[in-house]
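Remarks on the structure that follows.
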Amino acid sequence: MAQNAHEEVYGNKGDDIGPTESTHVQPKGVSASAVSSENERGLGQAEPASNVDGVNPVLEDEAQSKGKWFQYVRTKQFWVVMLLGQVLAICITSTNTLSSLLAMEGTSIPAFQSFFNYVLLNLIYTSYTIYKYGFKKWGRLILKDGWRFFILAFFDVEGNYFVVLAYRYTTILSAQLINFWAIVVVVLVSFLFLRVRYHYTQYAGILLCVGGMGVLFGSDHLTGSNAFPAANEVKGDLFALLGATFYGLSNAFEEFLVSERPLYEVVGQLAFWALFINGTQAGIFDRAQFRAAVWSPKVGGYLTGYTLILTLFYSLAPVVFRLSSAAFFNISLLTGSFWGVAIGIEVFHLSIHWMYPIAFVLIILGQVLYFARQSMLAEAVKPWLGEGQERGHAGLGTAKRRVERPGVVV
């Protein structure tokens, strides 16, 4: 995505949390003194944050930490990423649980169910984008780059649709176990199209996380302790697999976009186009289910909870994409199966088998191993932004922001 094509639209692109200075991230193999102080959008020249020797401390630490073990694990950013990953896992598990509860109440409206989430996201992020850009620049944004966000929104809507649809036919545990396929999709897309090259420790970390999922899967099927009736488990699992594919495509594309643009713009545009796609799909496919749905205060409560939690999920996910990657985002969600059973103890009267805590620990260890050979900036440095990250956006969670403001955590 060429930088110059966006400058006309985003004359005041700004920062996710306010304007900052802009400095190139140090390319691999280039000394810190070679990093320029050129401003990202031509808003004036600014000197990079530096120590007494005139060297940026973040860039200096980045250069010295490459190729060493557990450098990133020792940073505050690592713990922020791990915490955010678990918050997102609990969020997605909560929405899955609410989808199951709605289906049990006789209300299965997979397209319409996500409609309110997109409405709320538009109220928050599209409104703020219009406030920042004005109607004229916002309109030009839609005309110039709307097609990119349309594709992102299509992937996202279909992912939500098929995953929610899966709960009409299969169990919550079965559908969650299918989600590991999204990791495969993300890794393939990132490797083939985004020029991401994974270290062998990252592959090992992913495999260890998937192994933890295998322990969950094995304990569930060997004991049968958490099994409950499914209308058509095979059909439901196929829908979940298709939804996971769309989720993988959506995650990789969103990571690409949010690294170049402000968070509020990406989320706002995603919600804007998704509103039309989702509304059309609901009108076509959900009419019969909508008429047959059971409407009650309990159903209204479930829909409200689903919407609020999913909106939080959409707000935090881009920060994780910036701090780490779509691949780590997806392996973080694997602990959702553990949280799902933990929630299910009260909601569905499930039981935790002794293998579940072991599986949870394996997944967490896999996530730590994933970062074992990462440098201080880790995956916040995106290969598609150029060696100096010159096409990147200096927003919350980006490498560019941390170079400009060494004192910030994210």
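Think of segment 72-385 as having a plus end and a minus end, set by charges on the Cβ of Lys, Arg, Asp and Glu; of Phe328, Leu88, Pro383, Pro383 sits farthest toward the positive end of this dipole. Looking at segment 57-124, the chymotrypsin sites (Phe, Trp or Tyr not before Pro) that sit in a DSSP loop and have at most 16 other Cβ atoms within 10 Å of their own Cβ are Trp69, Phe70.
Summing +1 for each Lys or Arg and -1 for each Asp or Glu among the other residues whose beta-carbon sits under 15 angstrom from that of Tyr72 gives +4. Arranged from fewest to most other beta-carbon atoms within 10 Å of their beta carbon, Val189, Val258, Val267, Val294 become Val294, Val189, Val267, Val258. Binning the alpha carbon pair distances of segment 105-204 at 10 angstrom intervals from zero yields the distribution 12, 29, 29, 24, 6, expressed in whole percent. Taking max minus min of the alpha-carbon positions on each principal axis, segment 72-385 gives extents of 58, 53, 30 Å, largest first. Note on Lys400: lysines with a C-alpha under 26 Å away, same-chain residues under 8 apart excluded, are Lys13, Lys28, Lys66, Lys68, Lys76, Lys132, Lys137, Lys144, Lys382. Counted by neighbouring Cβ atoms within 10 Å, the residues Phe253, Phe150, Phe239 run from fewest to most as Phe150, Phe253, Phe239.
Fully extending the segment from Glu390 to Tyr203, taken as 0.36 nm per residue of separation minus the present Cα-Cα distance, adds 64.5 nm.
Where does the charge balance sit around Tyr247 when Lys and Arg score +1, Asp and Glu -1, over other residues with C-beta under 11 Å from its C-beta?
Details: positive: none; negative: Asp156, Glu158, Glu254.
Residues close to Tyr247 contribute a combined charge of -3.
Amide H contacts under 5 Å for Leu194: none, restricted to partners 5 or more places along the chain or on a different chain, H placed in the peptide plane at 1.01 Å from N. Approximating the spin labels as points 7 Å out from Cα along Cα→Cβ, the Lys76-to-Leu120 distance works out to 3.0 nm. Counting 0.36 nm for each residue step from Tyr128 to Phe285 and taking away their Cα separation leaves a gain of 53.3 nm.
Counting other beta carbons within 10 Å of each Cβ, put Trp147, Trp354 in order, fewest first.
Listed from fewest to most nearby Cβ atoms, that is Trp354, Trp147.
Working ranking of peptides 272-284, 310-322 by packing, defined as the average number of other Cβ atoms within 10 Å per residue, highest first, is 310-322, 272-284.
Given a Förster distance of 41 Å, report the FRET efficiency between Phe191 and Leu143 from their Cβ-Cβ distance, rounded to the nearest 0.05. About 0.80, to the nearest 0.05.
Normalised by 2.2 N^0.38 Å, with N the number of residues, the alpha-carbon radius of gyration of segment 55-136 equals 1.80.
Each reported figure results from applying straightforward, stated rules to the coordinates on display, with no laboratory input. Everything quoted here is computed from the prediction, not taken from an experiment. Cβ coordinates were reconstructed from backbone atoms using ideal geometry, including for glycine residues, and neighbour counts include every protein chain displayed.
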